[in-house]
1. Filter the range A:294-324 down to the residues that are charged (D, E, K, R) and assigned to a helix (DSSP H, G or I), then identify the one that is surrounded by the fewest Cβ atoms within 10 Å (Cβ to Cβ).
2. Would you point out the residue of the range A:55-69, among those that are of a type outside the set (A, V, I, L, M, F, W, C) and over 18 Å from the mean Cα position of the chain (by Cα), that is surrounded by the fewest Cβ atoms within 10 Å (Cβ to Cβ)?
3. Do the conditions hold for A:Val168, that is, is it more than 16 Å from the chain's Cα centre (by Cα), part of a helix (DSSP H, G or I) and over 24 Å from A:Ile332 (Cβ atoms)?
4. Could you figure out which of (1) modelled with pLDDT under 95; (2) out of contact with any Phe, Trp or Tyr (no Cβ under 9 Å at 6 or more places or on another chain); (3) assigned to a helix (DSSP H, G or I) isn't true of A:Val227?
5. So, in the range A:209-242, of the ones that are more than 20 Å from A:Asp280 (Cβ to Cβ) and hydrophobic (A, V, I, L, M, F, W, C), which residue ends up surrounded by the most Cβ atoms within 10 Å (Cβ to Cβ)?
6. Give the residue that is surrounded by the most Cβ atoms within 10 Å (Cβ to Cβ), with candidates limited to residues of the range B:133-158 that are farther than 15 Å from A:Gln239 by Cβ and among the polar types (S, T, N, Q).
7. Of the conditions (1) free of Cβ contacts under 8 Å to residues at least 12 places away in the same chain; (2) in a helix (DSSP H, G or I), B:Leu112 satisfies every one except a single condition; which number is it?
8. Search the range B:47-77 for residues being within 13 Å of chain A (Cβ to nearest Cβ) and among the hydroxyl-bearing types (Ser, Thr, Tyr), and hand back the single one that is farthest from B:Val179 (Cα to Cα).
Amino acid sequence: MSWARQNLFSGWGNTLTTVLIGFVLVWALVPFLDWAVFSADWVGSKRVDCNTGGACWVYVIQRFDQFMYGFYPEAERWRVDVGAVLLMIALMLFFLPRVTGRLALVFLLLALPVGWILLTGQGLGLPAVETRLWGGMMLTVVLTVAGLALAFPVAILLALGRRSSLPVVRISCTAFIELWRGVPLITVLFMASVMLPLFLPDGASVDKLLRALIGVSLFAGAYLAEVIRGGLQAIPRGQYEAAAALGLGYWKTMIYVILPQALRHVIPGLINTVIALFKDTTLVLIIGMFDFLGIIQASLNDQEWLGLAAEGYVFAALVYWSICFGLSRLSINVEQRSGVYRG
Amino acid sequence: MAEPVIKVEQVHKWFGSHQALAGIDLSVMAGERIVVCGPSGSGKSTLVRCMNGLETMNAGKITVNQIDLAGGSAAVEQVRKSVGMVFQQFNLFPHLTVEENLCLAPTRSLGLSQANAQERARKYLERVHIPEQAGKFPLQLSGGQQQRVAIARALCMEPQIMLFDEPTSALDPEMIKEVLDVIAELAADGMTMVCVTHEMGLARAMADRIVFLDEGQIVEEAPPSEFFKAPKSDRTKQFLSRILQH
């Protein structure tokens, strides 16, 4: 009570503002909550089960598997689950206080190729699942995670290259970054899916997902490179000199002294780019791939479930928000852990 | 007569239009302790930074253990493995613990095993009197402790020569002594060293020779007894009267 008096009603101006905001909240939230929760339909299996006038969550529940797995064959979906669990464990490791960041990183680096092999089924004797069947949240996550895994090393090399003292290296890295940053992701994806095959020799074909992945990762790489370069610029010259005076060469200096510090400085910027990329991957819709949002949108046209756009989009927004919020929490956690050395 | 371990011949260095070094000749013999002093901007830091290739010179020649520093990056790296350096601003690696700071270069640059490097780290931390700080991060230590860690880090490479670039200039007055004591102990153990400093007490106590620089040139070069009691040049007298007044 006293908190409310101090913070919300401490003068007639504040009181007025509080009342006004309260009114707007009630005006907007009450009908929404009523629609989304209180008079929503949760049980059933058909369109006709939605008859209360609220949100028809039956549709989302019925389609949930498709939203998650796309057209991945039902019998093989356990592979996606295993991959998801691997990824979860990898991310969880960064949270556990007993596990060092290095160990978590090694696990993540091992989990990535294992996950890829598991999903494609190549080399394990599992039935191969073509990438055109991939879709839903699984495709969104694959595009983001694999895109980043490829983008990150590229970004580090570009960032270092842009600060190189060798003019050829510096100019080509700068040109590369500016080229990719100056082009919208949609254009990149179009190029990857339509133009790239034209340049390949007859008969040679690259998987569509792989092409999109290469496009996405070079695009993300250019952005990440600039974020990382910002971190490199924050490292004082004395650090380079100290490493040099100890007889460490360029690469050893970078790997053991400069990059570990620079990357820690730019964790917020890195997570920012990751979140942006996670949401941007939805653009693969325009080259005929059905990511999480794409597959929801496609299902809105289903004759059986017409008129449920609001439910679909609200669900999509909720899922995107939860994941992005989780990522930002992850970033705060990583930042705090690596902040120990600041004394 | 033995060859000098560091031989500086007619070294010139410009920063833009400013000439930092104007024809320096200097030889350092094994086991010799040289103190370089002079007013700010006289080129003394530049001179020691040229000795391990942190600055490149515009003309002249520097050889360290008969290795010419102009011989490309391999030669420079070779020299740096036998020349330790201590900076004014410590320049410890803040993301590594004290022990990791000490072990990094011996393992990555000299190829020592982790166990051997840790043994060395313990040994030299004891030598600078802070073995109990091994697990801390640099920024958790006082300035004096950080500088002593920096000295230990350089010693972990077991260098033949130590360069000090104003090692006490960034320290609080009450921490200067602990660092000076460590440097004096090293000098007493016979380490070859070149030390840029304003600490005339240190110069008097440990130097075999004092080199006085002004405007990029060596004005006077003499053992401390001579340097302080009977300086030859007027510039030296003027400098000494200013810094020894209080």
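1. Here is the first cut: in the range A:294-324, the residues charged (D, E, K, R) are A:302, A:304, A:311.
Next cut, assigned to a helix (DSSP H, G or I) only: A:304, A:311.
On the way: A:Glu304: 11, A:Glu311: 24.
Checking each candidate, the answer is A:Glu304.
2. Residues of the range A:55-69 that are of a type outside the set (A, V, I, L, M, F, W, C), as a first pass: A:59, A:62-63, A:65-66, A:69.
Okay, now just the ones that are also over 18 Å from the mean Cα position of the chain (by Cα), so A:59, A:62-63, A:65-66.
On the way: A:Tyr59: 25, A:Gln62: 18, A:Arg63: 19, A:Asp65: 13, A:Gln66: 17.
Here the answer is A:Asp65.
3. On the way: more than 16 Å from the chain's Cα centre (by Cα): yes; part of a helix (DSSP H, G or I): yes; over 24 Å from A:Ile332 (Cβ atoms): yes.
Yes; evaluated as a whole, the condition is true for this residue.
4. Unmet for A:Val227, out of (1) modelled with pLDDT under 95; (2) out of contact with any Phe, Trp or Tyr (no Cβ under 9 Å at 6 or more places or on another chain); (3) assigned to a helix (DSSP H, G or I): (1).
5. If we filter the range A:209-242 for residues that are more than 20 Å from A:Asp280 (Cβ to Cβ), which is where we start, we get A:229-242.
Remaining after also requiring hydrophobic (A, V, I, L, M, F, W, C): A:232, A:234-235, A:242.
On the way: A:Leu232: 20, A:Ala234: 11, A:Ile235: 16, A:Ala242: 27.
Looking at the filtered set, the residue picked out is A:Ala242.
6. If we take residues in the range B:133-158 being farther than 15 Å from A:Gln239 by Cβ and among the polar types (S, T, N, Q), then B:Gln147 is surrounded by the most Cβ atoms within 10 Å (Cβ to Cβ).
7. Condition (2) is where B:Leu112 drops out.
8. The qualifying residue farthest from B:Val179 (Cα to Cα) is B:Ser73.
The values are calculated or read from the model by the stated rules, or taken from the named source; none is laboratory data. This is a predicted model, so every value here is computed, not measured. Here the Cβ is made from the backbone with ideal geometry for all residues, glycine too, and neighbour counts use every protein chain on show.
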